Amino acid sequence: MSNRPVTPLLDRVSSPADLKGFSDAELRQLAEELRQETIAAVSETGGHLGAGLGVIELTLALHAVFDTPRDRLIWDVSHQCYPHKILTGRRDRIRTLRQKGGLSGFTKRSESEYDAFGAGHSSTSISAALGYAVARDLGTAPEAGVGDAIAVIGDGALTGGMAFEALNHAGHLKSRMVVILNDNEMSIAPPVGAMSTYLNRLYTGAPFQEFKAIAKGAVRHLPGPLQESAKRAKDLIKHVTVGGTMFEELGFSYVGPIDGHDLDQLLSILRTVKTRATGPMLLHVITQKGKGYAPAEAAADRCHGVSRFDIATGEQKKTPANAPSYTKVFANALIAEARADRKVVGVTAAMPDGTGLNLFAERFPERTFDVGIAEQHAVTFSAALAAGGQKPFCAIYSTFLQRGYDQIVHDVAIQRLPVRFAIDRAGLVGADGATHAGSYDIAFLANLPGMVVMAAADEAELVHMVATAVAHDEGPIAFRFPRGEGVGVELPEKGVPLEIGKGRMIREGSRVAILNFGARLKEVNEAAQALAAKGITPTIADARFAKPLDEELILRLARDHEALITIEEGAVGGFGSHVAHLLAENGIFDSGLKYRSMVLPDTFIDHASPADMYASAKMNAPDIEAKVLEVLDASDAAAKRA
């Protein structure tokens, strides 16, 4: 049975231009239809639900008032863009969200002209909107048809330093642009810090509440015919009377707070802004994440990210786990270490649940620090914690750690401070696609002097690597692990520190050696079983460390075999490149060794299931088997020529 709602007005919308023919009353009905269509679509595909439901009215009002795509609408993070996609000619594909060959879960310039700027991470929208505004002012934009630039940024994303850099620059340049502060008191987790407190004061403070009461009372005493006009005037006066001092000092005209679910109010104010704005404007809009869907409103995370679910109950249809997730294994291992060592502390950048530090915080709240969406600050804060004698575990997704790379170099590595980097979401992560893939951390960390870089082949190895990081005080150390459940190995009661720079043998074989780094070991073993049926028994080793390399192990594998293959869930320039350098420096290639390095391809891989993504990358068990057969065929051919 189809769960598609009845949507007579939405059925008439093929592009935002169609909205111009709707009355305000029809737009109110359309908002409800758009909400129901969003819920129905995500119930079939899974994805980000709560964020989109919170901006239904705002999305509709923006497209109804402004002239997209000529006016550039830029969504920060853009996980809230599903309603935007429905309105911009992609409704017929909305049930392909986050699936192979389907719509991206984020804005994507190659997908639609209405996606003015790609996203998937945070705090970039104001910079992008300012860039469009300046291009217009310089005279290049009219040829491209660029009009207004509108950035929609959440209060959580406003904790990112890049947003403040852009606000500062925009206030200085004074170009006409609009920033919509979508204040829902929640990004993925509740926002933290002084900015959240400041925004809360703006719409809960006594002056604002008193002004609302006075205005409401005054309107009540007017003659009936004048009440509606007075109400509109009251709303407009209210929004310019309650000022956001900080934003005004930065050079923005501040309007707000605005009820982000009152479509009439949104339309009135946006129309005024479009008609009269001359410089940078900031509209402070109050919304509720998950608005209009009871299960989302009741959920602790407001249904930020969901799997397929039953619309009536909100119950998600999750596949039962066969093993604990790597994230939970990390959290439990860190908790165990923290019980024994009071210097162990956890630091995260607005991702306590995603990194497992929410579990750590339940046990050690005074030793847990969520710094907001501020990876650069998280790294330097951790560096100073380490300098002060603590043992900080800086837990950040691989793809987000890139944002703190300068700090890793200058504030951690050069000073040889023992910051422990726990890198979740290593490798290809699935439906979130290229913006969330952990492809580059091996390469950008392993080239730093004094950095130790580990990768867990399974969840038991992860427990040992947490213990290794606790015990390592000589400098920075990092360990990476993938998203999702482990392979089901037995977990040790307690982690045992590994010898730095030493790998392990998995099985002895002949002719070809496979040197694994990371969580492809399961696929390596599956490939070995298939090869055994063909009479080929490869040697298998797990490197554990990309920096420092186990030189003794690698050189022995190279000298005792015809061929050596490395495999890693990372881009070129990582583990395999370091191994190749070692072999070259020791003259191993002169002896005729056949060397191959299996890495992620030099391209951004679109969203799909992790298995499909690794198939595209040619890194699944059949691909490893094929690589072994290929290199042995090359070895046999060389032997015949000799």
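The values are calculated or read from the model by the stated rules, or taken from the named source; none is laboratory data. Remember, predicted model here, so these are calculated numbers, not experimental data. Cβ atoms come from the backbone with ideal geometry, glycine included; neighbour counts cover every protein chain shown.
When the residues of region 606-619 are filtered to those that are surrounded by 18 or more Cβ atoms within 10 Å (Cβ to Cβ) and under 22 Å from Phe575 (Cβ atoms), the one that is nearest to the chain's Cα centre (by Cα) is Met613.
None of Ala471, Ala426, Ala460 is of a type outside the set (Phe, Trp, Tyr), touching a residue at least 24 places away in the same chain (Cβ under 8 Å), surrounded by 22 or more Cβ atoms within 10 Å (Cβ to Cβ) and out of contact with any His (no Cβ under 9 Å at 6 or more places or on another chain) except Ala426.
Taking the conditions (1) buried (at least 24 other Cβ atoms within 10 Å of the Cβ); (2) within 26 Å of Pro320 (Cα to Cα); (3) of a type in the set (A, V, I, L, M) in turn, Met454 satisfies each one other than (2). Looking only at region 87-129, residues that are buried (at least 22 other Cβ atoms within 10 Å of the Cβ), touching a strand residue (DSSP E or B) at 6+ places or on another chain (Cβ under 7 Å) and not in a loop (DSSP other than H, G, I, E, B) come to 3 in all.
When Val55, Val13, Val42 are checked against the criterion of being closer than 21 Å to Ala151 by Cα and in contact with a helix residue (DSSP H, G or I) (Cβ under 8 Å, 6 or more places away or on another chain), a single residue qualifies: Val55. Of all positions in region 470-493, at least one carries a residue that is under 28 Å from the mean Cα position of the chain (by Cα), at pLDDT 95 or above and assigned to a helix (DSSP H, G or I). Test Ala527 against the stated conditions and say whether it is crowded, with 22+ Cβ neighbours inside 10 Å, over 30 Å from Glu474 (Cα atoms) and out of contact with any strand residue (DSSP E or B) (no Cβ under 6 Å at 6 or more places or on another chain). Answer is yes for this residue. The numbered conditions (1) more than 27 Å from Lys594 (Cβ to Cβ); (2) touching a strand residue (DSSP E or B) at 6+ places or on another chain (Cβ under 8 Å); (3) in a helix (DSSP H, G or I) are all true for Ile442 except (1). May I ask you to verify whether Leu359 is surrounded by fewer than 21 Cβ atoms within 10 Å (Cβ to Cβ) and modelled with pLDDT of 95 or more? Criteria met by Leu359. Of the strands (runs of 3 or more DSSP E) lying entirely inside region 542-642, the ones with 3 or more residues being over 22 Å from Leu531 (Cα atoms) and not acidic (Asp, Glu) are found at 545-547. So which residues in region 567-605 are surrounded by 22 or more Cβ atoms within 10 Å (Cβ to Cβ) and among the β-branched types (Val, Ile, Thr), if there are any at all? Once the filter is applied, which keeps residues that are surrounded by 22 or more Cβ atoms within 10 Å (Cβ to Cβ) and among the β-branched types (Val, Ile, Thr), region 567-605 yields Ile567, Val579, Val599. Here Asp602, Asp633, Asp606, Asp612 are screened, and the one residue that is of a type in the set (Asp, Glu) and farther than 24 Å from Thr435 by Cβ is Asp633.
So for region 555-566 (the condition being among the β-branched types (Val, Ile, Thr) and surrounded by fewer than 22 Cβ atoms within 10 Å (Cβ to Cβ)), does at least one residue qualify? No, every residue in region 555-566 fails to be among the β-branched types (Val, Ile, Thr) and surrounded by fewer than 22 Cβ atoms within 10 Å (Cβ to Cβ).
When Val306 is tested against (1) surrounded by 20 or more Cβ atoms within 10 Å (Cβ to Cβ); (2) farther than 30 Å from Phe481 by Cβ; (3) not assigned by TED's automatic domain parsing to the domain that holds Gly154, only condition (2) is not met. Of all residue pairs spaced 6 or more apart or on separate chains, those with beta-carbon atoms under 6 Å, a first member in region 151-163 that is part of a strand (DSSP E or B) and a second member that is among the acidic types (Asp, Glu) and crowded, with 24+ Cβ neighbours inside 10 Å are Ile153/Asp76. Within region 317-348, if we keep just the residues that are part of a helix (DSSP H, G or I) and among the basic types (Lys, Arg), the residue that is farthest from Gly292 (Cα to Cα) turns out to be Arg339.
Looking at Ala163, Ala157, Ala151, can you tell me which residue is within 21 Å of Val255 (Cβ to Cβ) and modelled with pLDDT of 95 or more? The match here is Ala151. When Gly314 is tested against the conditions (1) under 23 Å from the mean Cα position of the chain (by Cα); (2) under 28 Å from Leu53 (Cβ atoms); (3) among the small types (Gly, Ala, Ser); (4) not in a helix (DSSP H, G or I), the lone failure is (1).
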